[in-house]
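The values are calculated or read from the model by the stated rules, or taken from the named source; none is laboratory data. Since the structure is predicted, the reported quantities are computational estimates derived from the model, not experimental observations. A quick note on method: Cβ atoms are made from the backbone with ideal geometry, for glycine too, and the neighbour counts reach across all protein chains shown. For accessibility, only protein heavy atoms count, side chains too; no ligands or nucleic acids. Shrake-Rupley method; radii C 1.70, N 1.55, O 1.52, S 1.80 Å.
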Amino acid sequence: MGVFNSSPLVGLSDIRSLASVLTQNHRCSTTMQPLGQAPLLGHMYQHEVQPGLFLRINRIRDRVGLHSEALLSPGLKVAMVWKGEARISLAGQSLMLGQNSRFKAMVAALDHPAVFQRQGIKGGIEYSVVLTATPAWLLRRLGHSSALGLFGAPLGQQFPDLPIRIEYWQPSQNLVHKLESLDISSTATSLRLLDLEAVALNLISESLAAIDSPVTHTSFPSQDWTQRLEVLINSGEAGQLSQSQLAQRLGMSLRQLQRRYHREFGAPLGEHLRQRRLRRAYDALTHESISIESAAAIAGYNSAANFATAFRKAYGMTPSACRKQGKM
């Protein structure tokens, strides 16, 4: 079962209960001494979605400017802030994540325990998610017990001067929407637990793909997204979407889609989409005798002249000739 606070007031006991699962030596402090009220307002939820894979979701407002410090265990940490901001420090490296920061998310690899600190801001809000994958989960699911190995480091290589590695990344709008829609204010149902597991796996997939981790080349199946892409193209819906919108529909970032597509098919996504749109225009001219302007619109061109140039280059004839050929 997940751990959550049932009251909208988050007390120190709630915070310590959540922190004790994955950290050691957890401490909280504030400028208010003694602390006479619950330091946070909102909800915090934590669940082990798979053995060794923990998802924690926070939707909180800091009432007192709470500072916290703990010792994190080794593993892979993925953090994302989609509303408000979080000021944190990992092994002495200061980080800021949030909607008004340059980046909303980061992924960190720890092969040794590291000190974590959070600098609270009185009145500040933080809607965030933190994913922790233990070495046991990484070995079982990704074939790497070393979190640093997920960043392209050869297994067994030592990093004496680099206790952690941190990379920033940008989550897809689809992932943000899924996190916003989750209800964490009460005991989770079986269906919601499946949603939490899906979100956790999406976080792993997007973050590792964003840093071009070697495991993304083999660990995450490509069939599902390629089939969905084919459906969008064949239905003509892809022709009405920008590449960024198409990536969102497929549940990934634009950079991730472009990289995966090139790796899968050996060609740029944009070129493939252009050729498919031209083919749809060719078929419509041949079999439906539509106007040149309508064919240009199908192919995604605002200019009939530009469409004719691209069409002639692809098929060795003008759109008018193609249309006449279809009438014969």
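Taking Leu201 as the residue in question, decide whether it is modelled with pLDDT of 85 or more, surrounded by fewer than 19 Cβ atoms within 10 Å (Cβ to Cβ) and assigned by the TED database to the domain that holds Gly149. Yes: the conditions hold for Leu201. Quick check on segment 262-275. Is at least one of its residues under 23 Å from Ala198 (Cβ atoms), open to solvent by 40 Å² or more (accessible area, probe 1.4 Å) and modelled with pLDDT under 85? Yes, that holds for at least one residue.
No other residue among Ala136, Ala109 is open to solvent by 10 Å² or more (accessible area, probe 1.4 Å), at pLDDT 80 or above and not in a loop (DSSP other than H, G, I, E, B) apart from Ala136.
Do we have any residue at all in segment 87-96 that's open to solvent by 20 Å² or more (accessible area, probe 1.4 Å), at positive phi and in a loop (DSSP other than H, G, I, E, B)? The answer is yes; a qualifying residue exists. Taking the criterion of being under 22 Å from the mean Cα position of the chain (by Cα) and more than 16 Å from Ser207 (Cα to Cα), would at least one residue in segment 111-120 satisfy it? Checked against the condition, which is being under 22 Å from the mean Cα position of the chain (by Cα) and more than 16 Å from Ser207 (Cα to Cα), segment 111-120 yields no hits at all. Scanning segment 294-317 for residues that are of a type outside the set (A, V, I, L, M), modelled with pLDDT of 90 or more and surrounded by fewer than 15 Cβ atoms within 10 Å (Cβ to Cβ) yields a total of 5. Among the conditions (1) within 18 Å of Ala200 (Cβ to Cβ); (2) modelled with pLDDT of 90 or more, the only one that Gly124 does not satisfy is (1).
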